[in-house]
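Notes to accompany the following structure.
The values are calculated or read from the model by the stated rules, or taken from the named source; none is laboratory data. Note that this is a predicted model, so its numbers are computed, not measured. Cβ sites come from the backbone with ideal geometry, for glycine too, and all protein chains shown count toward neighbours.
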Amino acid sequence: MTNSTARETSSVATRREARGGPAGPAAAAEPLGSLVNPFDVQSVRKDFPILSTKVNGKPLVYLDNGATTQKPNAVIDRISRYYREENANIHRGVYHLSQVATEAYEDARRKVARFINAPDEREVIFTRGTTEAINLVAATYARSVLKPGDEILVSSLEHHSNIVPWQIAAGATGARVRVIPIDDDGDLLLDEYAKLLSGRTKIVAVNHVSNALGTINEVRTICNLARRAGAKVLVDGAQWVAHFPTDVREIGCDFYAFSGHKLFGPTGIGVLWGQRELLEAMPPYMGGGDMIESVTFEKTTYAQLPNKFEAGTPDIAGAIGLGAAIDYVTGVGFDAFHDHEQRLLSYATDQLKKIPGLRVIGTAKKKAGVISFVLEDPALSALDAGTRLDREGVAVRTGHHCCQPLMARFNVPATIRASFAFYNTTEDVDALVAALKKIRSEAGAKSPVIAAPQRGAGATKEPTIQFPEASAPSPAAAADEFADVFEMLDDRDARNEYVLDLGAKLPQAFDTLKGLGIPRVPGCMSEVYLIGRMDPGSAERLQFAADANAEIVRGLIAILQKLFSGQRAADVLAFDVEGFFRRIGLDQFISAQRRNGLAGMVRRIKSLAAEVAGGGKNGNE
Ligand SMILES: Cc1ncc(COP(=O)(O)O)c(C=O)c1O
């Protein structure tokens with residue numbers, strides 16, 4: 001810690017106005033309760049109304065701050081005040097309200113500039129978030145400088161939003177994306193990075209903190225090395241800004257991106273900061289109102305920074321809300337909560353590691369408040385664990401965290417991730433640990449059944465697979481039966497329970513199907529295996545078996561089997577499955593990512609049906 005304010009109690013009255021504080025995380029966290037005046041977390045919690053609500057009858061334990069942070073009253077009230085008292089379009093009106101709104105919007109820009117220590121507020125571009133900020137640079141700067149053979153370096157730790165825009169830019173220019181590797185702890189291999197850098201490297205894109213593992217990257221070193229190679233660096237600060245003070249000059253980067261909603265501000269607003277000369281030389285991103293100097297049909301000239309990159313009416317309320325969030329977080333003081341967050345991380349890591357069968361993924365030397373883990377014994381998919389934690393009121397993120405290449409690096413399809421903000425407490429960690437112990441013991445009781453392979457009646461050692469007969473005369477008739485049931489179940493939870501129940505009754509075939517060596521169904525976050533065949537009793541009919549390592553997906557498989565297995569292949573192909581999903585209101589209780597997985601299963605079933613209908617070979621059996 002750099003000054004005595006680190007020891008202050010952050011009651012509203014004593015919160016600092018000024019920013020300052022530590023350059024990074026503590027190397028080793030102090031034991032709990034060792035501070036003379038510890039950070040007063042209960043005081044700041046009162047600023048966040050949502051933290052005193054209940055979920056499923058239990059007090060909310062919000063541990064998904066990496067996805068988005070909660071909003072303090074100061075932000076909620078400021079946005080409300082804007083709409084109540086100041087709402088007008090900016091930059092265009094000569095009347096009072098428009099001037100008030102413009103001033104509030106531009107004031108927010110000044111706050112952002114001070115917050116990140118930008119040399120010039122005109123270098124601060126408001127975007128919709130980190131994703132748009134990175135896309136802006138990839139679509140303008142990258143496309144204008146990259147040539148065939150040039151290279152863009154991204155790290156293995158990146159979020160898809162810091163991979164895909166560069167792939168698109170590379171595809172358009174003939175450049176190539178190369179990957180900086182990490183070690184088994186989740187630390188970037190800086191030696192390998194140095195070796196990858198060459199005269200061909202034009203852009204380096206790395207995150208400041210990994211959203212999936214919490215690794216804090218040595219961005220200053222990364223920028224120094226890149227500068228020597230003549231490359232520009234974009235730092236994705238999405239997971240940094242809410243935890244540590246940001247200083248773009250000290251980092252030495254060329255572009256810095258972050259999202260307001262991960263910094264206690266509203267969704268829909270974010271920031272791209274860039275070096276002025278670069279932004280000035282870059283072509284505009286989107287064309288439209290506010291970004292022009294003059295327009296004729298022959299020629300258009302563009303506005304000065306920052307307007308050149310802010311076409312159209314921006315998210316005025318969002319920017320003002322972000323300004324309020326910056327005031328709020330700097331008022332609490334990074335140095336005041338720094339130790340608290342690091343202690344939470346170390347306490348949670350210790351407690352989680354004590355749970356048998358739980359493996360923490362990501363043990364980097366320096367970490368922000370993010371812990372990813374998997375439950376291996378008894379094995380429980382991240383999705384199922386997340387669903388059960390929710391029943392205990394604990395909100396965590398499960399899945400690939402938009403980091404599929406990173407998940408592949410650790411050879412896991414998904415993790416469970418707890419991510420902290422300064423308003424989290426050791427009680428939150430205790431609630432997570434208690435809930436995990438509970439679901440673990442429940443899963444443990446079931447695991448022998450799950451592990452048992454299917455054996456054919458009176459067969460030798462060879463397992464057999466059950467291919468269900470038709471459940472109804474046609475897919476449409478089966479769909480009607482489902483629709484009747486779903487209509488009776490009037491809320492989302494009841495429908496979810498019903499699908500889980502169907503999954504519980506699905507014959508266990510996971511190990512058997514996986515053991516066949518068939519490829520996983522693509523698009524699914526959990527592991528799904530599906531195998532089909534022509535009905536031995538009727539050459540025009542399709543039968544299929546499938547299983548997954550997530551309960552809810554097993555439920556979806558049961559639905560698909562009742563709809564399609566044993567049906568005429570032509571009927572399977574003709575059936576409007578999307579219409580059926582809409583009819584039963586599947587969107588209400590199945591996430592968009594889960595829907596992608598479901599679409600993957602449907603594609604596989606339809607392609608098997610096409611084979612059967614075409615008199616092709618026996619499915620993929
Ligand atoms: C490291 C990182 N980069 C980028 C993003 C994308 O942020 P947004 O969805 O706000 O644009 C996220 C979001 O989780 C992230 O964690």
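Within the range 82-101, the only residue that satisfies the criterion of being more than 22 Å from residue 266 (Cα to Cα) and among the hydroxyl-bearing types (Ser, Thr, Tyr) is 95.
Against the definition (of a type outside the set (A, V, I, L, M, F, W, C) and at pLDDT below 95), how does residue 290 come out, yes or no? Yes; evaluated as a whole, the condition is true for this residue.
Listed here are the residues, each with its yes/no results for (1) over 27 Å from residue 101 (Cβ atoms); (2) touching a helix residue (DSSP H, G or I) at 6+ places or on another chain (Cβ under 8 Å); (3) among the hydroxyl-bearing types (Ser, Thr, Tyr).
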position	(1), (2), (3)
267	no, yes, yes
270	no, yes, no
273	no, yes, no
294	no, no, yes
303	no, no, no
326	no, yes, no
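The set of residues from the range 493-532 being closer than 30 Å to residue 56 by Cα and of a type in the set (A, V, I, L, M) comprises 494, 499, 500, 502, 504, 506, 525, 528. Listed by first and then second residue, the pairs linking a residue in the range 269-284 that is of a type in the set (Phe, Trp, Tyr) to a residue that is assigned to a strand (DSSP E or B) and surrounded by 19 or more Cβ atoms within 10 Å (Cβ to Cβ), with Cβ atoms under 9 Å apart and 6 or more places separating them unless they lie on different chains, are 273/124; 273/125; 273/255; 273/256; 273/257; 273/258.
Restricting attention to the range 313-330, which residues are crowded, with 19+ Cβ neighbours inside 10 Å and either part of a loop (DSSP other than H, G, I, E, B) or not aliphatic (A, V, I, L, M) (or both)? Hits for the range 313-330 are 314, 315, 318, 321, 323, 328, 330.
Would you check if residue 308 is without any contact (Cβ under 8 Å) to a residue 60 or more places away in the chain, under 27 Å from residue 82 (Cα atoms) and buried (at least 21 other Cβ atoms within 10 Å of the Cβ)? Judged against the criteria, residue 308 is a match.
Residue by residue through the range 211-221, note down the ones that are away from the ligand (no atom under 15 Å from the Cβ) and closer than 13 Å to residue 180 by Cβ. Residues satisfying the conditions are 218, 221. Among strands (runs of 3 or more DSSP E) entirely within the range 90-183, having at least 2 residues that are of a type outside the set (Ser, Thr, Tyr) and surrounded by fewer than 21 Cβ atoms within 10 Å (Cβ to Cβ) singles out 176-180.
Scan the range 565-582 for residues that are surrounded by fewer than 18 Cβ atoms within 10 Å (Cβ to Cβ) and within 11 Å of residue 478 (Cβ to Cβ) and the total you get is 0. Within the range 80-106, the residues that satisfy the criterion of being closer than 15 Å to residue 315 by Cβ and charged (D, E, K, R) are 86, 106.
In the set 164, 154, only one residue is free of Cβ contacts under 8 Å to residues at least 60 places away in the same chain, within 16 Å of the ligand (Cβ to nearest atom), of a type in the set (Val, Ile, Thr) and touching a strand residue (DSSP E or B) at 6+ places or on another chain (Cβ under 8 Å); that residue is 154.
Residues that are among the β-branched types (Val, Ile, Thr) and either in contact with a Phe, Trp or Tyr (Cβ under 9 Å, 6 or more places away or on another chain) or more than 16 Å from the ligand (Cβ to nearest atom) (or both) within the range 259-299 comprise 269, 271, 292, 295, 296, listed in sequence order. What do you reckon, is residue 504 surrounded by 21 or more Cβ atoms within 10 Å (Cβ to Cβ), touching a helix residue (DSSP H, G or I) at 6+ places or on another chain (Cβ under 8 Å) and closer than 16 Å to residue 387 by Cβ? The answer is no for residue 504.
To keep it simple, each residue is scored yes or no on (1) crowded, with 23+ Cβ neighbours inside 10 Å; (2) closer than 24 Å to residue 333 by Cβ; (3) without any contact (Cβ under 8 Å) to a residue 24 or more places away in the chain.
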residue: 198; (1), (2), (3): no, no, no
residue: 215; (1), (2), (3): yes, no, no
residue: 227; (1), (2), (3): no, no, no
residue: 230; (1), (2), (3): no, no, no
residue: 251; (1), (2), (3): no, yes, no
residue: 255; (1), (2), (3): yes, no, no
residue: 267; (1), (2), (3): no, no, no
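Among the residues of the range 53-68, are any within 16 Å of the ligand (Cβ to nearest atom) and within 19 Å of residue 309 (Cα to Cα)? Looking for residues that are within 16 Å of the ligand (Cβ to nearest atom) and within 19 Å of residue 309 (Cα to Cα), one finds none in the range 53-68, hence no. Restricted to the range 121-151, and to residues there that are among the hydroxyl-bearing types (Ser, Thr, Tyr) and away from the ligand (no atom under 11 Å from the Cβ), the residue that is farthest from residue 274 (Cα to Cα) is 144. The range 218-309 holds helices (runs of 4 or more DSSP H) entirely within its bounds, and those carrying 2 or more residues that are within 26 Å of the chain's Cα centre (by Cα) and closer than 30 Å to residue 71 by Cβ map to 248-251. Per the conditions (1) within 17 Å of residue 602 (Cα to Cα); (2) at pLDDT 90 or above, the sole criterion not satisfied by residue 480 is (1). Within the range 183-210, count every residue that is touching a strand residue (DSSP E or B) at 6+ places or on another chain (Cβ under 7 Å) and within 11 Å of the ligand (Cβ to nearest atom). Counting residues in the range 183-210 that are touching a strand residue (DSSP E or B) at 6+ places or on another chain (Cβ under 7 Å) and within 11 Å of the ligand (Cβ to nearest atom) gives 5.
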